[in-house]
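**Student:** One structure is given below, represented as structure tokens, and several questions about it will come after.
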Amino acid sequence: MGKVIVVTSGKGGVGKTTSSAALGAALARNGEKVVVVDFDVGLRNLDLIMGAERRVVYDLINVIQGEAKLAQALIRDKRLETLYLLPASQTRDKDNLTAEGVETVIAALKQSFDWVICDSPAGIERGATLAMRHADVAIVVTNPEVSSVRDSDRIIGLLDSKTLMAEQGERMEKHLLLTRYDPARAERGDMLKVDDVLEILSIPLLGIVPESMDVLRASNVGSPVTLSDERSAPAIAYFDAARRLRGELLPVTIPGEKRGFFGKLFGRKAA
Amino acid sequence: MKLLRFFSRPQSAPAARERLQVLLAHERVAVGDSDLLTKLRDEILRAISKHMQIDDERVTIRMERGAQVSTLAVDIEIPFDKDKKAA
């Protein structure tokens, strides 16, 4: 039985889709079967970020409405054979996303994949609430910036009240993924520091992805950053985050920060 | 080493430009809720199902949208009933 992860944030443009693709590829690199599901009906972009935009035949809505079988809508990655994409519909309306339909699709995906990564749309409406509904684990993507932190706080509230786990009285495992982090600006005091964000949101840290040209470059060519340039700083951050998702205890390092021997020994507690 | 990597890499912006041009060219001509390739896919399947029962599980459809040429490959497994004699 696979694990369902929702990648969410509330605010748009913080890196949900980039992170979904990068983490999906990082997990699939180990041979685990991964599917990344785009929930952004009407404004899909995961296909573009993963470089499969020319190969979309059917989408999530087609499957929900019974116009296509799940196996027909899944697109296998050309680089990693254990990585799959389930695209969102570009032309339909988000009202076509039904709670029952999503439940059926997620249940079926859990049967054949080790990881089901749900890439949530921005906002707190239907698409976003359905993307988080069946999750076992949530990744809250946040930028070190006031509006993003505020929206993440709101999303954490929804994760604790509007999900199936919450309704069953369980507490969802939530992780913070801090993206577009610029250590130099944080050092100068022009950007919220990691500890500031952690203190405000008080959920464990999954990783810190530095602001980097490599992310833009990867999206330009349609490849998850963990596949296009696996030695780049953001790719390393995503690979480490993927290992933490698997349960490894790996200290989180702040990109660009020089740590002494003792600093490394007594590193930040991992999520 | 890092510097070397920086200088040796080809630009990625042209790739982005080209990918977007192809994608948007297809999306802009989409009428209603389907573009040409999607319409063809549906009509081909409808035509075939008029003459035989197709098992949905045995149909594979692949598309590749290109700038000049797009391809649509429909693979349909046609069941062969060996008990049935030719008329």
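**Student:** What's the number of the condition residue A:20 fails, among (1) closer than 21 Å to residue A:163 by Cβ; (2) modelled with pLDDT under 95?
**Tutor:** (2)
**Student:** A further question on this structure: Inspect segment A:67-80 for any residue being in contact (Cβ under 8 Å) with a residue 60 or more places away in the chain and either β-branched (Val, Ile, Thr) or within 29 Å of residue A:216 (Cβ to Cβ) (or both) and give the result as yes or no.
**Tutor:** Yes: one or more hits.
Here's the yes/no breakdown for (1) open to solvent by less than 40 Å² (accessible area, probe 1.4 Å); (2) out of contact with any His (no Cβ under 9 Å at 6 or more places or on another chain); (3) not in a loop (DSSP other than H, G, I, E, B):
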| site | (1), (2), (3) |
| --- | --- |
| A:4 | yes, no, yes |
| A:14 | yes, yes, no |
| A:23 | yes, yes, yes |
| A:30 | no, yes, no |
| A:40 | no, yes, no |
| A:43 | no, yes, no |
| A:55 | no, yes, no |
| A:61 | yes, yes, yes |
| A:84 | yes, yes, yes |
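**Student:** So which residues in segment A:67-77 are modelled with pLDDT of 95 or more and either in a loop (DSSP other than H, G, I, E, B) or among the β-branched types (Val, Ile, Thr) (or both)?
**Tutor:** A:74, A:75, A:77 - these are the residues of segment A:67-77 that are modelled with pLDDT of 95 or more and either in a loop (DSSP other than H, G, I, E, B) or among the β-branched types (Val, Ile, Thr) (or both).
**Student:** Let me ask another. For residue A:214, only one of the following conditions fails: (1) part of a loop (DSSP other than H, G, I, E, B); (2) under 19 Å from the mean Cα position of the chain (by Cα); (3) within 14 Å of chain B (Cβ to nearest Cβ). What is its number?
**Tutor:** Every listed condition holds for residue A:214 apart from (1).
**Student:** Let me ask you something else. Which residues, counting only those in segment B:42-72, are more than 9 Å from every other protein chain (Cβ to nearest Cβ) and of a type in the set (Val, Ile, Thr)?
**Tutor:** B:44, B:48, B:54, B:69, B:71
**Student:** A follow-up question, please. Can you tell me which residues in segment A:95-111 are in a helix (DSSP H, G or I), more than 14 Å from chain B (Cβ to nearest Cβ) and open to solvent by 30 Å² or more (accessible area, probe 1.4 Å)?
**Tutor:** To start, the set of residues in segment A:95-111 that are in a helix (DSSP H, G or I) comprises A:95-96, A:99-111.
Narrowing the set further to residues that are more than 14 Å from chain B (Cβ to nearest Cβ) leaves A:99-107, A:109-111.
Correct list: A:99, A:100, A:103, A:104, A:107, A:110, A:111.
**Student:** Related question: Condition check: touching a Leu at 6+ places or on another chain (Cβ under 6 Å), surrounded by 17 or more Cβ atoms within 10 Å (Cβ to Cβ) and modelled with pLDDT of 95 or more. Does residue A:139 satisfy that?
**Tutor:** yes
**Student:** Let me ask something else. Which one of the conditions (1) under 30 Å from residue A:54 (Cα atoms); (2) not in a strand (DSSP E or B) does residue A:140 fail to meet, given that it meets all the rest?
**Tutor:** (2)
**Student:** Restricting attention to segment B:13-59, report how many residues are of a type in the set (Lys, Arg), open to solvent by 50 Å² or more (accessible area, probe 1.4 Å) and modelled with pLDDT of 80 or more.
**Tutor:** 4
**Student:** Also, I was wondering about something else. Restricting segment A:172-191 to residues that are in a loop (DSSP other than H, G, I, E, B) and in contact with a helix residue (DSSP H, G or I) (Cβ under 7 Å, 6 or more places away or on another chain), which is surrounded by the fewest Cβ atoms within 10 Å (Cβ to Cβ)?
**Tutor:** The selected residue is A:172.
**Student:** Can you pull out the residues in segment A:217-254 that are assigned to a loop (DSSP other than H, G, I, E, B) and under 22 Å from residue B:20 (Cα atoms)?
**Tutor:** Residues satisfying the conditions are A:222, A:223, A:224, A:229.
The values are calculated or read from the model by the stated rules, or taken from the named source; none is laboratory data. As the structure is a prediction and not an experimental result, all values here were calculated from the model. Because the Cβ atoms are built from the backbone with ideal geometry, glycine has one as well, and the counts that use them run over all protein chains shown. For the accessible areas, the whole protein counts, side chains as well, though only heavy atoms, and no ligand, DNA or RNA atoms are used. Shrake-Rupley method; radii C 1.70, N 1.55, O 1.52, S 1.80 Å.
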